[in-house]
Each structure stands twice: as structure tokens, then as C-alpha cells.
1. If you filter the stretch 55-126 for trypsin sites (Lys or Arg not before Pro), then keep DSSP loop positions with at most 11 other Cβ within 10 Å, what is left?
2. Is there a pair in K290/K667; K904/K931; K59/K831; K60/K683; K135/K160; K683/K811 whose C-alpha atoms are over 21 Å apart, and which pairs would that be?
3. Relative contact order for the chain using alpha-carbon pairs under 8 Å, separation at least 6, rounded to a whole percent?
4. Against the longest principal axis of the chain, how steep is helix 487-501, in degrees 0 to 90 to the nearest 10, with axes from Cα atoms?
5. Determine one quarter of the surface area of the Cα convex hull of the chain, which equals its mean projected area, and express it in nm² to one decimal.
6. Can you pull the Kirkwood radius for the stretch 862-951, inverse mean 1/r over Cα pairs, to one decimal in Å?
7. Would you please name the trypsin sites (Lys or Arg not before Pro) within the stretch 644-707 that are DSSP coil residues with at most 13 other C-beta atoms within 10 Å of their C-beta?
8. Rounded to the nearest 500 deg cm²/dmol, what is the calculated helix-only ellipticity per residue at 222 nm for the chain, with -39500 (n - 2.57) per DSSP H run of length n ≥ 4?
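The numbers here are math on the coordinates, done by the rules we state, and not lab data. Remember, predicted model here, so these are calculated numbers, not experimental data. Every residue, glycine among them, receives a Cβ derived from its backbone with ideal geometry; neighbour counts consider all protein chains shown.
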Amino acid sequence: MSETNPATAEVAAPHRYTAAVAAEIEARWQDFWDADGTYAAPNPKGDLAGDPGLVAKPKKYIMDMFPYPSGAGLHVGHPLGYIATDVFARFQRMTGHNVLHTLGFDAFGLPAEQHAVQTGEHPRVTTEAAINNMKSQLRRLGLGHDKRRSFATIDPDYYKWTQWIFVQIFNSWYDDEAKQARPISELVARFESGERAVPGGRSWDALSAAERADVLGEYRLAYASDAPVNWCPGLGTVLANEEVTADGRSERGNFPVFKAKLRQWNMRITAYADRLLDDLNELDWPEAIKLQQRNWIGRSEGARVDFPIDGEAITVFTTRQDTLFGATYMVLAPEHPLVEKFTPAAWPEGTHDVWTGGHATPAEAVAAYRAQAASKSDVERQAEAKDKTGVFTGAFATNPVNGEQIPVFIADYVLMGYGTGAIMAVPAHDARDFAFARAFEVPIRCVVEPSDDRGTDASTWDDAFVSYDAKIVNSHGEDVSLDGLGVTEAKARITEWLQGKGIGEGTVNFRLRDWLFSRQRYWGEPFPIVYDEDGIAHSLPESMLPLELPEVEDYSPRTFDPDDADTSPETPLSRNQDWVDVTLDLGDGRGPRPYRRETNTMPNWAGSCWYELRYLDPHNSEKLVDPEIEQYWMGPRAGQPHGGVDLYVGGAEHAVLHLLYARFWSKVLYDLGHISSPEPFHKLYNQGMIQAFVYRDSRGFPVPAAEIEERDGAFFHNGEQVKRELGKMGKSLKNAVTPEAICEEYGADTLRLYEMAMGPLDVSRPWDTRAVVGQYRLLQRLWRNVVDEATGEVTVTDAEPDETTLRALHKAIDGVRQDLEGLRFNTAIAKVTELNNHLTKVGAAVPRPVAESLVLLIAPLAPHIAEELWRKLGHTDSVVHQDFPVADPRYVVDETVTCVVQVKGKVKARLEVSPAISDDELEKVALADEKVVAALDGADIRKVIVRAPKLVNIVPA
Ligand code: ANZ
């Protein structure tokens, strides 16, 4: 019983490992590590340069997705990944690596701002308080961070460089020929010299400053545009596509989101779509995340085809140009700019009622339908609903392959933002077109031969026939025929024909959109941009960075009725006249002039787009990062052709936002020559979630998990039976457990072990406070194997370990090494436990080399107790930089293996034999075995097949 209630069992054993002992040891070693700089990782040069010997070691850069410092602090679910990277980093230090591991804070963003809006308190104040609280919570866990390298994204020293990067991106364009970003000045030089034609056909000299700015705006990698954006009146801000839910509402706050044309900053991430896709292949990332990025980028190979209409053309994007002969109508997105142009004044003779929608004129029908479409989100419009809506525009276009006049509709299942915003509809072979054609009574023509028995008369079909692997039929025109070809050959043939005629070409289309980069917020990085009297945007020179956030009276953006789409944003910074209107000399030779500052701020993704670089050279005020230092920690090397962090651990929820944006910024910085690594994160690992039990009363409300009593498998709260389910951990479900509570009851080493032992790191698992004590007992037994609980004396002996103990030890070493290298912390702990239990069972004083190895094995997992025992074992240096034990292969091989003996193909005996046994020897042993002799029953033997050490097969005559 004493073990089930450790707190009361200490009297007889004054030197037992208890929570109090753990608390004392842990605080002492944490102070020591801080004072000693134990975890400082030296750089090859600069202000963090250190021991050149350490720099000569192979490097390991290990990183966590940094936290947002929330006011609520951490619960035990948060540090799972931080503990895992810490264990891994400690193991790497002990296996000869110079390890960089630190942690900063992603500190701009909404929660602090919302608090500021409500209380009037500066968000910096609440953010810094939250950072300090989190720092002390993390320190209590004994994480081996190089604290000299930590920072928060709100530090002006840091965001100076976020702004500086923005300026670099603003002053760059993507050179499609060189396939890389180049300084915009090179593009200007090409326009000036005439080497490159200026769009619009005029000469560069002839353009006004504003016209030039407009031209360059079409090329810059950061540009302002009046694009349709996601405007959320309820939040008072615009949102990125990634921040809008599938049903068209704001991810945060769940307010309606409308498409509105507003002038906003964008990042031309689409220029990098191909490289973002291709380079994924070289990264060591979970396949699921790579797949999400691939889908998000959404590369489609197809063709653009012009359909003549009134002497002009409607261009469509199709991935099925092989089905052109089956295109029986066209659809434009309702917002398509050509709609008005081709819409005739009156309905053509005999237009069907279904097509007019009951409207008197095409113009009226179009206007009514547009109003209806505007109220739906893209996702609603794309949903596979059975009912397809739309109206005829009154116009006909020509199908270029057969000269047919085909009707042009507008319908909301075609989106303006994808491809060209216009499609050729092939109802026989596309499900949505099929549904539409049925509803609007448009002909359906089979051009891909069905592989089932429906036949080629599409008018009798119940659904579209979709196949990428079938024969083309009914597809011949005057000078081109696709009949009999497969889909792939038909695509190639028709694309070539279109290209020859100059009415189409093969093309690649991406789902990825440019990244909407401005927010109507206070608590973000100000843009390093000012506008002159002509409204032309200029970037600030580096000497004016950081551009610090001004003090303001009111932190809130103006919000509106969430349902009122006819509103537009008003930013908190815009109300600050003294800050907004300035006279500056930008050093461009134009002298001091009045300017107006940009009053949007950057989105909270900006700060996390490049933080891996700042950890490397955190105090550099001259450069983003010193190239030599960046090259040392991040540069490409064998097996990592794009360079990057060696291990990056975080949640899978960041598959497309942060991870895509950070890759994009790396590529731009790489192209411009600022860094040597085009990828930020070589290896990515997603840890699972720590879940928790939620207890709900009869009304379904959560009750505090800490107050639950369990009786015979049922759960009670204040006597009332409650239901248990698995959910997230957190305040709202009343089941949060703080790391402090566990540290107080058992110590940080126990918490660390428990979190690592709960299961494989990438799998989600339920927290169970009652199970934590198991790891506490492991540490108590470990302590008892080294220290006399009555006297506090070290008990190890100088006697040689026996063979069984040596085998147990070296097998543990071998297994733990492999497990730690492979991030299998749970099985590593199981192996340490097994060795520890073996020593307990032997019961005698533990031989010194075995005790020392055991301490080293557990050091990455439970560093405080390891430091303490290491010291008690007589060492004067820290355990952190000791060599991790290496297994002696002689003791690792299994003593015996099981050999199966078959007679006539049936297993008759199993023998325990040495793995080194020879074929001859094994044959003798097998034939002498009692059961084998019995099975043979005196029969002659025709053949014996021996595969030492595992198999003997005896074939009687
Ligand atoms: C004719 C066709 C025939 C098509 C057929 C499909 C099947 P992915 O693969 O996603 O790129 N499309 C093109 N632009 C569109 C838009 N703005 N809104 C809605 N749909 C659009 O899809 C490409 C296909 O989606 C294109 O190929 C086009 O329909 C449609 F048997 O053209 B297809």
C-alpha cells in the first residue's frame, strides 16, 4: 500500500525519491543549467560564436512550432511536442552533435488584441505577461533551450526584419524564364532598354510615374490590388481564403464572409506554385501533409480554348480537351466581365421558357441571377447539389472543332476565380454539366465510349460517363478526327490542332491563389510602405526600419452589422493622423516629401514565415542572418538537397497555411541570395494530441473532471452519475490539468516520462492523471538502485556485472539508442524500465558501470534525476554532454533462437539453439530430438533440408 500513496510513505526512508526531493533537485539543476549556459549552442562566428571544437561537430537543428502566448497558460497537452524535441535534442547532444534547440513566441494576433479592445490595456502588456508566465511554466519542465536565441515576433528588433523581408519581396518580380525572383530594378532596366516590351505597347519613357507604378504592380511579388476579397463585416477585417470555413464563414467568430472588391496587399505565391510542388518531393514530411499541400496547390494540366463569338472569343480552361466534340453549351461565371458584352437586347426567336427563367430580357435575367449568386459562398456554389441553376444569356458561341452554334449560359457552379471563369460544358462526361443539361434541356452527346452497357445514345443515360481511360467516338470534323484514340492521345492530338490554328494551347492551371496579406488590425506588423501625392507606393529604406507600431487610443477596427455586405474596413492605425501623414526623405533623390502611411497591418502568419532564420543569428542588427551562420545550420547537404531544419515538430493543423507561407518566403530569400536553403524545414513530424476525458451531467454540461469519483466502472459527480467521453483538453470542458499540478505532485521528470510513455508520439492519446504514478515509481526504483534510502549513501559496487546483467544492459542500450533516434520514446522508456526492473530483481548492489549506463540512458528523458545521480556517482561534470552508451554487440545477440523442425512438412518440434549454430550441428540436434524420432517412427530418411539456425525439414523416404 505504501506505494499507492507515496506522500505518506517517507518516514522509514528519509532518502527516498519523493516529490519534495524531485522539487529540490529540479530547481537546483535548472538554476545550474541557466548559470552554466549548458544548452548554449555555439555558432561558427558572430556574437554567439563559441568553442570551435563544438562547431566542428556535425550540427543538428531541432525546432518546435512556436507557441502563441495565450493568457490561459499551458495545460499538460501543450508541451507534448516540446518534451519530445527536448528528449531528441538531448540524445543528439550525447551522440556527438552541436545541437541548436530554442523556443520563441508567436505573439502578434487576435486574442491579445481582443482583450485590448475590451479593456483598453495595450496588447503588448497582456502579451508580455503571457510570455513571462509561459516561460516560467516551460522552465519548470527542464527544457534544454538555448535561451540566448529566444525572441518574440512582437520585438521591434525582430519585426524590423519581417518588414525588411516584405520590402525585398515588394522590390522583386518573378522572372519566368530564369524561374526565380529577381530585383524589380532589373525589370525596369529591361523595360528602359527595350529588351522587354512594356505591356500595352508604349515605351517606358512615355509612361507617367503612376502608369509605371501600375505596370510594375503587375509584376511585384508583393502588390496592392482591388481584387475581390473575403470581407467579414462582423470582424471588421478581410480574411485569407485559408481563414474562411467550408460554409463561407469566418473560422474565428463564425461570421458571414462576403466577396467584396477592396484594395489589399497580396503576395504572389502563385508564381512559385510549380517549385512549391516539385520541392515537396525532396522533403522528409508525412505523406498526408505533402498530399494536403499538393491538393491545395492543385495543379491541373489542360488547355485553353477560344470559342469565337461576335468576332471575339470566350476562352475556357478545360482538363478534357479530348471531349471538345461533346461540348454542347458554354457557361460563364455570373461575374464574368464579358457577360454584358455579348448579351443581346432581346431573347432570340423561340427561346425556351426554361432558359429565360421567366424574364422579359436577357439583361433582366442576368441581373436577377447575379444578385442571387452573390449571396452564396464559393463552396456553396460548388457543392454537388442536384439542382443546377442558371440562365441563358441570349448569346451563342461557335464550337471551333465542328462550327456548331452553342448557347452561352451563366451559372453559379462556374467560379470566376478559377481557370478563366468560363467553361465548355460536356454534359455526357461531366456530372455537373449532365445535371445542368437535363434541367435546361440541352443536348447531351456521347464522345467517350462507355465501358458499361449503357450504349452511346446519351439521351437515355441516367448519369454522366466519366473515364480517363476509354476510346473517343463521334469526334470528327473537317480537318481533325479523334475517333478511336485513347484519352491521352486525343488530348495531345487536339491540343496540337488548336495550337496550329492559333485558337488554343496546352496550359497548366493551379488552384492556389495569391496570398491576401493585409488585415485591418492594430496588433500586427505595420507595413513599411508609404504613398506619395500620386498614390504611388514606396517602400521605406532600411534605415527607417523598424517602423514601430504607434500608440493609439482605440485598438478596435470598426465592425459592422455582420450581415451588411455594403460596408468597408476602417483600420485602427488610420485614425492616428500624426503617424499617418509624414514628411520623409526616402533617400531616392526626391528629397523630403509628404507621404501617407499604409494603415493596414500584416497578417499574423508573417512573423512565423522566417523565424527559423532568426534563431540562428538572433542579435544581428546589420543583416537578416549572417550567410556563414545560415549555411552552417541550414545549408544543403547530403540527403537534404534543399537544406533546412533537421527536425521540425508541430501539429498537423498547419499543413497548408504556415508551412506553405514559410516555404514561399524561403524561396524568395533564396532566389535573392540572402540564404542558401530554399526550404525551411527538411524533416517534419506531427505529434498527436493529448486528449482528455470529459464528464457530462444529465443535461450534457461538462462537470469538473478533477471532482469525479469512479465506482465499479461508473462515474459520479456529487453523487450523480455522469457520462464519460473523450475530447479536447481545456478550460471550457473543465478538464484541463496544468503541468504545475503534476510537477508539484510528482516532479517534472515524472511528467516528462509520463507524456513520452503514453504512446507513439504521432498518435493521439487520453490523459489519465491516475496513471502518472507509474513513471514516478520507475524513478523511485531507479533512485533505489543507486542510493540507499535509509542513509542516502551511494550503493553501487565495484564488482563485475554478471553475464545476464551485461546482456540486459547492452540490449537496453542498443534498443534505447535506436528508439530515441527514431522518436519512439514510449518503447525507449519500456526498455529502460525493463533494465531497471532486472536490477531491482537481482536485489544486490548494482555494479558501477551498469548504474552509470542506466543513468546515461535515462538522461534525455529525465534530465534532473540523471544529473543528480551522475553527481552522486562521483562525477563533477554535467550529464548533458556525456557520450551516450554504446552497446557491445557480443551481448546484444539473442542467446538462443527457436528452430522449427518439420517432418513431411508438419511442425514436430521446436528447438532452442545458438544463433551461430552450423547446418551440420543443427541437423544432428534435430535428428536426435525425441519428438522427431517419434514422428519418424523408424522410417528411412530421403532428404534433410537445413536452414540454420531457424529451420530443419526432414523428408522421409
Ligand atoms: C470540359 C470538361 C469535360 C471538363 C469533362 C471536365 C470533364 P480541375 O481538374 O479541378 O482543374 N472548370 C474549369 N474552370 C472552372 C471554373 N471556373 N468553375 C467551375 N468549373 C470549372 O477541373 C477542371 C475542369 O473543371 C475543367 O475541365 C472544366 O470542365 C471545369 F468531361 O472542361 B472541364
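1. Working: sites: K59, K60, R90, R93, R124; in loops: none.
For trypsin sites (Lys or Arg not before Pro) across the stretch 55-126 that sit outside H, G, I, E and B with at most 11 neighbouring Cβ atoms in 10 Å, the list is empty.
2. K59/K831; K135/K160; K683/K811
3. Details: 1799 pairs, mean separation 134.2, N = 957.
The value is 14 percent.
4. Taking the Cα atoms of the chain, the angle to 487-501 is about 40 degrees.
5. Working: hull surface 221.0 nm².
Averaging across all directions leaves 55.2 nm² for the Cα convex hull.
6. Working: mean 1/r = 0.0592 Å⁻¹.
Over the stretch 862-951, the inverse of the mean reciprocal pair distance is 16.9 Å.
7. Hits after loop and neighbour filter: R699.
8. Values: 30 runs with 306 residues, N = 957.
That calculation yields -9500 deg cm²/dmol at 222 nm.
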